[in-house]
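Asks: Got a structure here, written out as structure tokens. Questions coming.
The values are calculated or read from the model by the stated rules, or taken from the named source; none is laboratory data. All figures in this text were calculated on a predicted structure; none of them were measured in a lab. No Cβ is skipped: glycine too gets one built from the backbone with ideal geometry, and neighbour counts run over all protein chains shown.
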Amino acid sequence: MDVYKKSVKENFLFLKAATNVQELYLRAIPLKGEQGFLIPVAQVHLGDDALLQRLTQWRNRFVHVYPTQFLATLESTRAWLRDRLLAVEDRMLFLVVDKQGAVVGHMGFNSCFNDEAQMELDNIVRGVDGVERGIMANALLTLTEWARKTINVEGFFLRVFADNAKAIDFYRSLGFVVDETIPLTKVEQEGLVSYVACENGGTPDASFLRMSLHAASPEIGKTLMSTAGPSISAKEAAYAFDAAATGWNSNWSRYLTKFEQSFASYVGAKYALATTSCTGALQIALMALDIGPGDEVIVPDMTWVATANAVRYVGATPVFADIEFDTWNLDAATIEPLITPRTKAIVAVHLYGHPARMTRIMEIARQYNLKLVEDAAPAVGAEWEGRRCGSFGDFAAFSFQGAKLLVTGEGGMLVTNNDALYEKALKIWDQGRDPSKVFWIDGHGVKFKMSNVQAALGLAQLERVDEQIEMKRRIARWYREGLEGVSGISLNQEVPGARSIFWMTSVFLHEDVRIDRELVRKLMKDANVDTRPVFPAISQYPIWPVKQTPQPVALRVGQRAINLPSGVCLKRDEVDYVCDVLKKILK
């Protein structure tokens, strides 16, 4: 609930902060079919007398639909906008604008701070007759879709007078259903008429219908449901535009610097370097740790190839340890038998957003004087025993590739708490440059720097990380509920001490399931559900300098597990559809 309320507050505050028309349209929500926009009512509108006069006229024209009924004036509308809208953290209003830019109505949210994480739709008014057919319906559904993809909201409701048959029919057509009747008492005081909830069983003068949105997704089963997909808000668009427009010359690193500092603080690290990829970040880490030809680095046998490729890129040899069956992460018990005099480091991967059991891995690294690198590519925000992934090793690397929780298109981040290692990594990251001389290179280096525009996108994503994690965790919960009791399968779970972000919700097919995994995937694809096989035991690839027998648990999981659709913006009915498809296949 704290994350939900923080998300509402920060998203609404950002939208309301616009001080000019350009900022307004960068924050605008486009309507489907290019029918127009939802424009946030913001600070700039306090001085827009023409708009305030129009809002005043609409208020007076539709005064009968409001629970508090009075005749508004220009100044009372301005005061309402300033004190009752812009200054209220859980209230937001949008102007409905057609494709020519004309304001034709408004709608918004009110009373969003509640223990059910429900957002109340409010001030839904079509102020102009003769507007393009369907624009208000489009706007209302677009608004709820925007909120659902931006904030970890649980649902939407509205209240309408029970005698407003036209409005009720309109809401029903969009998927709203009546779930409560609220008796009202009419109160008159100093010329002000208000309708308030009846108390003590009094005779009602009117009533509200509370209607909740239960609209089904019409495209379920008709178009391919992808395994991943990001949540992009107005903040990302505004930051990226600003970086593109102003982020040059003396401002070339403004977003880079802030992104690095904010990311380090979030993870619990002292330093951060933004890179072009997680792979590049891993390579810089290994170079800064002086790992090279003749050295060996222990990596898990089930991971994305980049974990071991980074070892190969510095001339060292990856040695593959097995994984735990319950976490799919590096099994500490299989590390020690692989340690030789040539072993210099361990790379622990937090696979699919679940943290590795870092306590024992760190003990082994200390015991054998080995360096420890965390490949936290898909695990921003995951925690082990109360500490965030990325805060355990000598270095840690993260990914912002387009399928990850936080995205910059491509990109990564390298973090460390060690002053000396940071200085070494910084020099390598800067192509081996001597910072005391202009264009003087006196060491080995690489060119893996993130761009300022990407960092602007990444900073906005990071500022929304907590709500996105909650959305991912909610999707995993929906899958657990939808597949509960289904025999022959297991879903990835949290082990004690772990807090997973469930970047990918995955299912393991037990050996008693007689249908082949690839046939399961094909049949799900036929039903327009995309899936991915989990990573195979990568020791099987023919690219490694030393051949090694695949580790048994990695081989088993790699042959029988599937990543299910897990995009952060998935709806409950979409997850239910995936569950239904899988259950029918496994019957």
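Asks: Kindly indicate whether any position in the stretch 58-72 is touching a helix residue (DSSP H, G or I) at 6+ places or on another chain (Cβ under 7 Å) and in a strand (DSSP E or B).
Replies: Among the residues of the stretch 58-72, at least one is touching a helix residue (DSSP H, G or I) at 6+ places or on another chain (Cβ under 7 Å) and in a strand (DSSP E or B), which makes the answer yes.
Asks: I need the full set of residues from the stretch 36-79 which are among the hydroxyl-bearing types (Ser, Thr, Tyr) and buried (at least 16 other Cβ atoms within 10 Å of the Cβ), in order please. Talk me through it step by step, then tell me what you get.
Replies: Taking the stretch 36-79 as the starting set, the residues that turn out to be among the hydroxyl-bearing types (Ser, Thr, Tyr) are 56, 66, 68, 73, 76-77.
Scanning the stretch 36-79 gives 56, 66, 77.
Asks: Let me confirm something: among 332, 396, 376, 365, which residue is farther than 17 Å from residue 468 by Cβ, buried (at least 24 other Cβ atoms within 10 Å of the Cβ) and at pLDDT 95 or above?
Replies: Numbers: 332 fails: buried (at least 24 other Cβ atoms within 10 Å of the Cβ); 376 fails: farther than 17 Å from residue 468 by Cβ; 365 fails: buried (at least 24 other Cβ atoms within 10 Å of the Cβ).
Result of the check over 332, 396, 376, 365: 396.
Asks: Out of all the residues in the stretch 521-555, which are farther than 20 Å from residue 307 by Cα and of a type in the set (Lys, Arg)?
Replies: Filtering the stretch 521-555 down to residues farther than 20 Å from residue 307 by Cα leaves 521-531.
Within the stretch 521-555, 521, 522, 525 qualify.
Asks: Answer yes or no as to whether residue 190 is in contact (Cβ under 8 Å) with a residue 24 or more places away in the chain, of a type in the set (Asp, Glu), more than 30 Å from residue 230 (Cα to Cα) and surrounded by fewer than 17 Cβ atoms within 10 Å (Cβ to Cβ). Let's see the steps before the verdict.
Replies: Working: in contact (Cβ under 8 Å) with a residue 24 or more places away in the chain: no; of a type in the set (Asp, Glu): yes; more than 30 Å from residue 230 (Cα to Cα): yes; surrounded by fewer than 17 Cβ atoms within 10 Å (Cβ to Cβ): yes.
No, not satisfied.
Asks: Identify, please: which residue in the stretch 478-499 is of a type in the set (A, V, I, L, M, F, W, C) and in a strand (DSSP E or B) and is, among those, farthest from residue 382 (Cα to Cα)? So that I can check it myself, show each step before the final result.
Replies: Restricting attention to the stretch 478-499, the residues satisfying the condition of being of a type in the set (A, V, I, L, M, F, W, C) are 478, 483, 486, 489, 491, 495, 498.
Then keep just the ones that are in a strand (DSSP E or B); that gives 489, 491, 498.
On the way: 489: 25, 491: 18, 498: 8 Å.
Applying the filter and picking the extreme gives 489.
Asks: Among the residues of the stretch 310-330, which ones are in contact (Cβ under 8 Å) with a residue 40 or more places away in the chain and not small (Gly, Ala, Ser)?
Replies: 312, 317, 318, 319, 320, 322, 323, 324, 325, 326, 327, 328
Asks: Looking at the stretch 193-227, which of the residues that are free of Cβ contacts under 8 Å to residues at least 40 places away in the same chain and buried (at least 16 other Cβ atoms within 10 Å of the Cβ) is farthest from the chain's Cα centre (by Cα)? Outline the logic, then answer.
Replies: Going through the stretch 193-227, the residues free of Cβ contacts under 8 Å to residues at least 40 places away in the same chain turn out to be 197-205, 214, 218-219.
If we keep only those that are buried (at least 16 other Cβ atoms within 10 Å of the Cβ) as well, we get 198, 204.
Details: 198: 42, 204: 45 Å.
Among those residues, the one meeting the criterion is 204.
Asks: Being surrounded by fewer than 22 Cβ atoms within 10 Å (Cβ to Cβ) and part of a strand (DSSP E or B), is that true of even one residue in the stretch 451-474?
Replies: Scanning the stretch 451-474 turns up no residue that is surrounded by fewer than 22 Cβ atoms within 10 Å (Cβ to Cβ) and part of a strand (DSSP E or B).
Asks: Let me ask something additional. Report, by residue number, each residue of the stretch 540-587 that is in contact with a Pro (Cβ under 9 Å, 6 or more places away or on another chain), closer than 19 Å to residue 218 by Cβ and outside any loop (DSSP other than H, G, I, E, B).
Replies: 574, 575, 578
Asks: Run residue 19 past the list (1) crowded, with 21+ Cβ neighbours inside 10 Å; (2) farther than 24 Å from residue 154 by Cα; (3) of a type in the set (Ser, Thr, Tyr) and report the number of the one that doesn't hold.
Replies: (1)
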